[in-house]
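To keep things clear, I will list the structure first and then write my remarks on it.
The values are calculated or read from the model by the stated rules, or taken from the named source; none is laboratory data. If you're wondering where the values come from, they're calculated on a predicted model, not measured in any experiment. Cβ placement follows ideal geometry from the backbone for every residue including glycine, while neighbour counts extend to all protein chains displayed.
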Amino acid sequence: MLAVSVELKAVARKSKLPSERNKLSLRRLGIDTYRENVVYLHRECELYRAEGFQALSKVEICADHRRILAVLNVVDDERIVTPAEIGLSEEAFAKLGLDEGHKVSIEHAEPPVSMAAVRRKIAGERLNQDDFHAIIRDITDKRYSKTEISAFLVASGQTDMDRDEVFYLTRAMLESGERFDWNEPLVVDKHCIGGIPGNRTSMLVVPIVAAHGMLIPKTSSRAITSPAGTADTMEVLANVDLDIGRLHDIVRRHRACLAWGGTAQLSPADDIMIAVERPLGIDSLGQMVSSILSKKLAAGSTHLLIDIPVGPTAKVRHMRQAQRLRKLFEFVGDQLGIDLEVIITDGRQPIGCGIGPVLEARDVMQVLQNRPEAPNDLRQKALRLAGRVLEFDPDVRGGRGYSIARDILDSGRALTMMNTIIEAQGTQPEKYQAGQLVHDVLSPEDGVVINIDNLQMAHIARFAGAPMDKGAGVDLFKKLGDRVARGEPLYRIHAQFPADFSFARSLSESASGYRIGREEQIPQAYVEF
C-alpha cells in the first residue's frame, strides 16, 4: 500500500510540473556519431530522474512540429551538458534543424513494432513483404539502435534469405526514399559487387558512356570493407555530397554524375545499414543484391550491367557461387522491371596499381589522359565494361561497343567529359597527396608472381589508414605473371600517421599477400569478355 501511495505521489508531482520545466535548452556538442542520432542528458537533470530514462534507450525529441528519434547517453560532467540542457550529436543537431538554446521536450520513444519480425528471422523463419516494409520503415525513421540493426543484418545474413525475401527487402528499401524519373527510355548504369582492390572502372565507364550521349547517373556507396569505394576515390577529385536537386540538375545538363548516394536520400535505409555493416565486416549476398538494385532503381536506371569478379581471394571464389548470384540478380531485377546483364570477370588480383583513394584516383586519371604509365589492366577492363554498356544503345550493333569506347577514350573525349563532371560537382579544394610514410615490401626469392591475396592487400591498405586517410594505401609494382628477383620491391605502403604505418608494416611482415613460384602455378582465370 505504501509503495502504491509513493508511486501516485510521484505521478502527481510529475503532472504538476510547469510546462516550461518539462523542456530543456538545446546544446550542440560537436560529436560525430556517424549517421546515428545521439542525445546527452545530465544525470541530475530533473526530467531524466522523473521520467525514468535509461542510458542507451530510445527517446523522442520534439519542438515546433519537428521530431527526431535518438539514442540517449547519460553524463556526469556539467561542462558537457548542464541539468537544464540537452546535448545533441552533430547528426542529431543537423536532423532536428533548430538553433542552440531552443527549448525542446524529450519523452520515451515507442519501441519498434517490427522487432517482432526480426526476432522471428533470428529464429530462422521466413519473412513476408509486410515484415520487410515494417523493418525498413523503422530503420529509416531511426527507430532502431545500431544493436537492433546489427541483429537484423546478422539474422538475415546467417539464415540466408530466399530469393523472394531478397526481392521483398529490395522493394522495401527502394520505396523507403526518393526515386528519380528521368522520362527517358534508356538510363544506364554499371556496378561491380566489390572485393577487388583498385577496381575503379566506374570512374572510366561513366565519362566514356556519357561522352557517347547516354544518360548515366552514377551514385555510389562509400567503402564497407574495402580500402576505397567509388565515392571515396571520386572525392579526391570532386565534391560527391550532392543533394537531390543539385544531382538532378548536373545529370540533366551533362548526362552523368559520380556522386555519393547517401546525401541524395536514394534508398536511405541502405546507407544506415552500411554504417553498421562497415565495422562488423558484414556483406552477405542477399543484402548486397538488395543494396545494389534498390540504389540503381532509385537513381532511375532502366538498364544495368553487373560485374561479378571471381577469384581465389575475391568476394566470389567459385563459378557455381557466381552463377547462383547471377540468377538472384536476374530474378530480382526481372521482378522490379530493370533490364539487367550480369558478367563474370577475372578476380584473381587487384585491378590497376593503386589501392586507396589517392592512388586509385591517380590510376584513373592516367588512363583518361592516355599516359604511357597508365595501368593497362584497368584500361582494358574499363573499355570492355563501357563497351557492354554502350551496347544497351539500340543503335550500337552487338560487338561494336568496345571499339566505340576505345575511340572515345583515345580521342580525349572521355577526359573532357570527366573534367566537365568534376567542375559541375565542384572541384575538390584540398589537394590530397599519397602518404609520406612509406615502406617497400620486397620479394623473398627469385621467381614469378603466382598469387596476390586480394583480402590481405585490402587489409594492409586499411591498416595504413584508407579510406579515411585519402593518401593511405598500397602501390603495386608487380602483378600476376611478372618475374621478380630476390630483394626486388613488390609494393609500397603509404601512410599518413605513425601508428597506422606501424600497423600496416607489421601486417605485411606477418603475411605479404604475395606468393612467388613457377609460371604454371598461376591460377586459372574466369572471364566472360
Exercise. Among (1) closer than 24 Å to G52 by Cα; (2) touching a Leu at 6+ places or on another chain (Cβ under 9 Å), which single condition is D64 missing?
Worked result: (1)
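In the stretch 413-486, which strands (runs of 3 or more DSSP E) lie fully inside it and hold 1 or more residues that are of a type in the set (S, T, N, Q) and either in contact (Cβ under 8 Å) with a residue 12 or more places away in the chain or within 23 Å of I351 (Cβ to Cβ) (or both)? Working first, answer last.
Values: elements: 437-442, 447-452, 473-476.
It comes to 447-452.
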Exercise. List, please: which pairs have Cβ atoms under 6 Å, are six or more places apart or on different chains, and start with a residue in the stretch 267-284 that is farther than 16 Å from V166 by Cβ and in a helix (DSSP H, G or I) and end with one that is of a type in the set (D, E, K, R) and at pLDDT 80 or above?
Worked result: V276/K146
For this session: List the strands (runs of 3 or more DSSP E) that sit entirely inside the stretch 43-117 and contain at least 3 residues that are in contact with a helix residue (DSSP H, G or I) (Cβ under 8 Å, 6 or more places away or on another chain).
Result: 66-75, 103-108
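Are any of the residues in the stretch 375-385 of a type in the set (D, E) and in a helix (DSSP H, G or I)? Walk me through it before giving the result.
Step one: filter the stretch 375-385 for residues of a type in the set (D, E), giving 377.
After this cut, where a residue has to be in a helix (DSSP H, G or I) as well, the list is 377.
Within the stretch 375-385 (the criterion being of a type in the set (D, E) and in a helix (DSSP H, G or I)), the answer is yes, since at least one residue qualifies.
Restrict the check to the stretch 251-266 and report whether at least one residue is part of a loop (DSSP other than H, G, I, E, B), over 20 Å from M417 (Cβ atoms) and charged (D, E, K, R).
Of the residues in the stretch 251-266, the ones part of a loop (DSSP other than H, G, I, E, B) are 255, 261-265.
Filter once more, keeping what is over 20 Å from M417 (Cβ atoms): 261-265.
The next check asks that each one be charged (D, E, K, R); those that pass are none.
So far as the stretch 251-266 goes, no, none of its residues is part of a loop (DSSP other than H, G, I, E, B), over 20 Å from M417 (Cβ atoms) and charged (D, E, K, R).
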For this session: Please work out which one of (1) in contact with an Asp or Glu (Cβ under 9 Å, 6 or more places away or on another chain); (2) part of a helix (DSSP H, G or I) is the condition D363 fails and give its number.
Result: (1)
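When residues of the stretch 296-353 are filtered for being assigned to a helix (DSSP H, G or I) and of a type in the set (V, I, T), how many remain?
Kept after step one, since they are assigned to a helix (DSSP H, G or I), are these residues of the stretch 296-353: 296-298, 319-336.
From what's left, of a type in the set (V, I, T): 332.
Adding up the residues that qualify gives 1.
Which is out of contact with any Pro (no Cβ under 6 Å at 6 or more places or on another chain) and surrounded by fewer than 21 Cβ atoms within 10 Å (Cβ to Cβ), of E165, E184? Steps first, please.
Working: E165 fails: surrounded by fewer than 21 Cβ atoms within 10 Å (Cβ to Cβ).
Exactly one of E165, E184 is out of contact with any Pro (no Cβ under 6 Å at 6 or more places or on another chain) and surrounded by fewer than 21 Cβ atoms within 10 Å (Cβ to Cβ), namely E184.
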Seminar exercise, completed: Among residues of the stretch 174-192 being of a type in the set (D, E, K, R) and assigned to a loop (DSSP other than H, G, I, E, B), the residue farthest from P268 (Cα to Cα) is E184
Exercise. Within the stretch 312-325, can one find any residue that is in contact with a strand residue (DSSP E or B) (Cβ under 9 Å, 6 or more places away or on another chain), under 21 Å from L258 (Cα atoms) and crowded, with 21+ Cβ neighbours inside 10 Å?
Worked result: no
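Pick from the stretch 482-529 the residues that are of a type in the set (K, R) and within 29 Å of the chain's Cα centre (by Cα): which of them is farthest from I450 (Cα to Cα)?
Filtering the stretch 482-529 down to residues of a type in the set (K, R) leaves 483, 486, 492, 505, 515, 518.
Cutting the leftovers down to within 29 Å of the chain's Cα centre (by Cα) gives us 492, 505.
Working: R492: 19, R505: 22 Å.
Only one residue tops the list, namely R505.
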Problem set entry | Per-region count, the stretch 366-387, residues touching a residue at least 12 places away in the same chain (Cβ under 8 Å) and surrounded by fewer than 24 Cβ atoms within 10 Å (Cβ to Cβ) | 8
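With the structure loaded, tell me whether E85 is of a type in the set (D, E, K, R), buried (at least 17 other Cβ atoms within 10 Å of the Cβ) and under 16 Å from L26 (Cβ atoms) or whether it fails that test. Talk me through it step by step, then tell me what you get.
Values: of a type in the set (D, E, K, R): yes; buried (at least 17 other Cβ atoms within 10 Å of the Cβ): yes; under 16 Å from L26 (Cβ atoms): yes.
Judged against the criteria, E85 is a match.
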For this session: Would you check which residues across the stretch 134-171 are of a type in the set (F, W, Y) and assigned to a helix (DSSP H, G or I) and list them?
Result: F152, F167, Y168
For this session: Write out, first by first residue and then by second, each pair whose Cβ atoms fall under 6 Å of each other, whose residues are 6+ apart or on separate chains, and whose first residue, in the stretch 34-45, is surrounded by fewer than 16 Cβ atoms within 10 Å (Cβ to Cβ) while the second is part of a loop (DSSP other than H, G, I, E, B) and not β-branched (V, I, T).
Result: R43/D76; E44/P83
For this session: Would you tally the residues in the stretch 128-151 being in contact with a helix residue (DSSP H, G or I) (Cβ under 7 Å, 6 or more places away or on another chain) and either among the acidic types (D, E) or crowded, with 24+ Cβ neighbours inside 10 Å (or both)?
Result: 7
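If I go through the stretch 440-454 residue by residue, how many of them are surrounded by fewer than 17 Cβ atoms within 10 Å (Cβ to Cβ) and not charged (D, E, K, R)?
The initial filter retains those residues of the stretch 440-454 that are surrounded by fewer than 17 Cβ atoms within 10 Å (Cβ to Cβ), namely 440, 442, 444-446.
Narrowing the set further to residues that are not charged (D, E, K, R) leaves 442, 444.
Total meeting the criteria: 2.
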Exercise. I421 fails exactly one of the following numbered conditions: (1) of a type in the set (V, I, T); (2) out of contact with any His (no Cβ under 9 Å at 6 or more places or on another chain); (3) surrounded by 14 or more Cβ atoms within 10 Å (Cβ to Cβ). What is the number of that condition?
Worked result: (2)
For this session: Looking only at the stretch 293-300, decide whether some residue is within 30 Å of Q521 (Cβ to Cβ) and either touching a residue at least 12 places away in the same chain (Cβ under 8 Å) or surrounded by fewer than 23 Cβ atoms within 10 Å (Cβ to Cβ) (or both).
Result: no
